[in-house]
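**Q** Structure in C-alpha cells, see below.
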Amino acid sequence: NPPKMFLELSKSIPNDVWLNFIQIKDGQVSFKGSALNFNPISDFMNNLKESVYFDQLVLKSTQKMKEEGSGLDIVTFELAAKRK
C-alpha cells in the first residue's frame, strides 16, 4: 500500500537527512539524498531495515563534498531496496 509505505518512510528519515529522489519501479525502491555526515545515513538505513515495507537494503554509493555557497561538508548517498 503506497500511502502507508510513504508514511512509514517519513517516520524513518532522521532530521539531518534530506531525500531528493525516490523511485519505485518493478518492486525496486531507489533513494538519493544528502546529509551533514555519515551517521544520519546509517540511522536512516537502520530504520529502513526495521520497516515492514522494505527488504534487502543496499548502500550503492556515498560521496563527501563541499556544498556550493555555504562551504559545508555534505554527504550524498544512494540506496536501493526491495519492496516487501
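Quick grid of which residues meet (1) exposed (fewer than 13 other Cβ atoms within 10 Å of the Cβ); (2) at pLDDT 95 or above:
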residue	(1), (2)
PRO3	yes, no
LYS11	yes, no
ASN15	yes, no
GLY27	yes, no
ASP43	no, yes
GLN63	yes, yes
LEU79	no, yes
ARG83	no, no
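**Q** Follow-up question, since we're still on this one. State which residue is nearest to PHE31 (Cα to Cα) when the search covers only the range 65-77 and only residues that are open to solvent by less than 50 Å² (accessible area, probe 1.4 Å) and touching a residue at least 24 places away in the same chain (Cβ under 8 Å).
**A** Here the answer is PHE77.
**Q** Restricting attention to the range 45-59, and to residues there that are open to solvent by 60 Å² or more (accessible area, probe 1.4 Å) and not basic (Lys, Arg), which single residue is farthest from ILE74 (Cα to Cα)?
**A** Among them, the one singled out is VAL52.
**Q** Regarding LEU36, is this residue among the hydrophobic types (A, V, I, L, M, F, W, C), out of contact with any strand residue (DSSP E or B) (no Cβ under 6 Å at 6 or more places or on another chain) and exposed (fewer than 12 other Cβ atoms within 10 Å of the Cβ)?
**A** no
**Q** Could you list all residues from the range 47-84 that are of a type outside the set (Ser, Thr, Tyr) and out of contact with any strand residue (DSSP E or B) (no Cβ under 9 Å at 6 or more places or on another chain)?
**A** Of everything in the range 47-84, those that are of a type outside the set (Ser, Thr, Tyr) and out of contact with any strand residue (DSSP E or B) (no Cβ under 9 Å at 6 or more places or on another chain) turn out to be ASN47, GLU50, VAL52, GLU68, GLY69, GLY71.
The values are calculated or read from the model by the stated rules, or taken from the named source; none is laboratory data. Fair warning: this is a prediction, and the values are worked out from it, not measured in the lab. So basically every Cβ, Gly included, is an ideal-geometry build from the backbone, and we count neighbours across all protein chains shown. Only protein heavy atoms, including side chains, enter the accessible area calculation; ligands, DNA and RNA are left aside. Shrake-Rupley method; radii C 1.70, N 1.55, O 1.52, S 1.80 Å.
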